[in-house]
1. Among the candidates 253, 223, 289, which residue alone is out of contact with any helix residue (DSSP H, G or I) (no Cβ under 9 Å at 6 or more places or on another chain) and either under 24 Å from residue 186 (Cα atoms) or assigned to a strand (DSSP E or B) (or both)?
2. Just give me the residues in segment 268-286 being touching a strand residue (DSSP E or B) at 6+ places or on another chain (Cβ under 9 Å), without any contact (Cβ under 8 Å) to a residue 24 or more places away in the chain and surrounded by 11 or more Cβ atoms within 10 Å (Cβ to Cβ), in sequence order.
3. Has segment 91-107 got at least one residue that is over 28 Å from residue 158 (Cβ atoms) and in a helix (DSSP H, G or I)?
4. Are any of the residues in segment 111-122 touching a helix residue (DSSP H, G or I) at 6+ places or on another chain (Cβ under 9 Å), in a helix (DSSP H, G or I) and either surrounded by 14 or more Cβ atoms within 10 Å (Cβ to Cβ) or not assigned by TED's automatic domain parsing to the domain that holds residue 68 (or both)?
5. Name the residues in segment 130-150 that are over 11 Å from residue 96 (Cα atoms), part of a loop (DSSP other than H, G, I, E, B) and in contact (Cβ under 8 Å) with a residue 24 or more places away in the chain, would you?
6. Is it true that residue 125 is within 16 Å of residue 33 (Cα to Cα), assigned by TED's automatic domain parsing to the domain that holds residue 53, surrounded by fewer than 23 Cβ atoms within 10 Å (Cβ to Cβ) and in contact with a strand residue (DSSP E or B) (Cβ under 9 Å, 6 or more places away or on another chain)?
7. Of all residues in segment 226-250, which are surrounded by fewer than 14 Cβ atoms within 10 Å (Cβ to Cβ), part of a helix (DSSP H, G or I) and more than 18 Å from the chain's Cα centre (by Cα)?
8. Do any residues in segment 162-178 that are outside the structural domain of residue 195 (by TED's automatic domain parsing) and surrounded by 11 or more Cβ atoms within 10 Å (Cβ to Cβ) have Cβ atoms under 8 Å from those of residues that are modelled with pLDDT under 90 and part of a loop (DSSP other than H, G, I, E, B), where the two are at least six apart or on different chains, and which pairs are they?
């Protein structure tokens, strides 16, 4: 699954919903949580239902998720009833703090899938937003095979620690630990690590790029965004550059030539390369292939 960019879309805005698939994000996330006032939740649910039913032939280049309200809110059950449709790819669960949160969400999903004959189609992406959620992260990820990715919410997490996103340092060292845990856990369970949204000024593209490169360096494979103007930069950073592709192709050829000669290691561009280097290069080329195939469907 390619999820370089995931664009949040307020589900109480029909105009934004209908425009969302043209923004070239790898996924849109129709939001029923933070961006929708309590008095507009019901309208937003109907918008989601109507939209998902109307797009029988959705673009193959875009995945569609819905961020429901948290388990503790008591609203998630109604959210799931409207959201689970055959064109939905997954549910994003905010403020996930335990494996039981995932269990309760999955039970609600199963009930709707069974009622609509859509068994085992809907995936789950938990958002870790508290110290408790981070402590229980392994329990969360092991709770369901539906989990395809893992992410965190920086603003709520920092608030839980008594800090503010507005005071975040330029190099974001305050988020280094949680980013590291999210990435390592995701890789350990063979799912995607997705970075939090950029909460600086919307027009601050330099800040967005800096933050996205920090996440990429830590092993993240994609990032949530809150504005369409952020999609292009995020997609670019999480797409291997032509130079990286050329290097990977060179490594693969050099290593495979070495194997023919009975060697377990060789050199490329003055550097030692071995099986681990070869596997990483092959993974990069596979990612490029998948991105290229996806872009053909735009």
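1. Among 253, 223, 289, only 289 is out of contact with any helix residue (DSSP H, G or I) (no Cβ under 9 Å at 6 or more places or on another chain) and either under 24 Å from residue 186 (Cα atoms) or assigned to a strand (DSSP E or B) (or both).
2. 273, 274
3. The answer is yes; a qualifying residue exists.
4. For segment 111-122, residues touching a helix residue (DSSP H, G or I) at 6+ places or on another chain (Cβ under 9 Å), in a helix (DSSP H, G or I) and either surrounded by 14 or more Cβ atoms within 10 Å (Cβ to Cβ) or not assigned by TED's automatic domain parsing to the domain that holds residue 68 (or both): present.
5. 143, 144, 146, 148
6. no
7. Within segment 226-250, 242, 243, 246 qualify.
8. Short answer, once both residue conditions are applied: none.
The values are calculated or read from the model by the stated rules, or taken from the named source; none is laboratory data. These figures come from a predicted structure and were not determined experimentally. Here the Cβ is made from the backbone with ideal geometry for all residues, glycine too, and neighbour counts use every protein chain on show.
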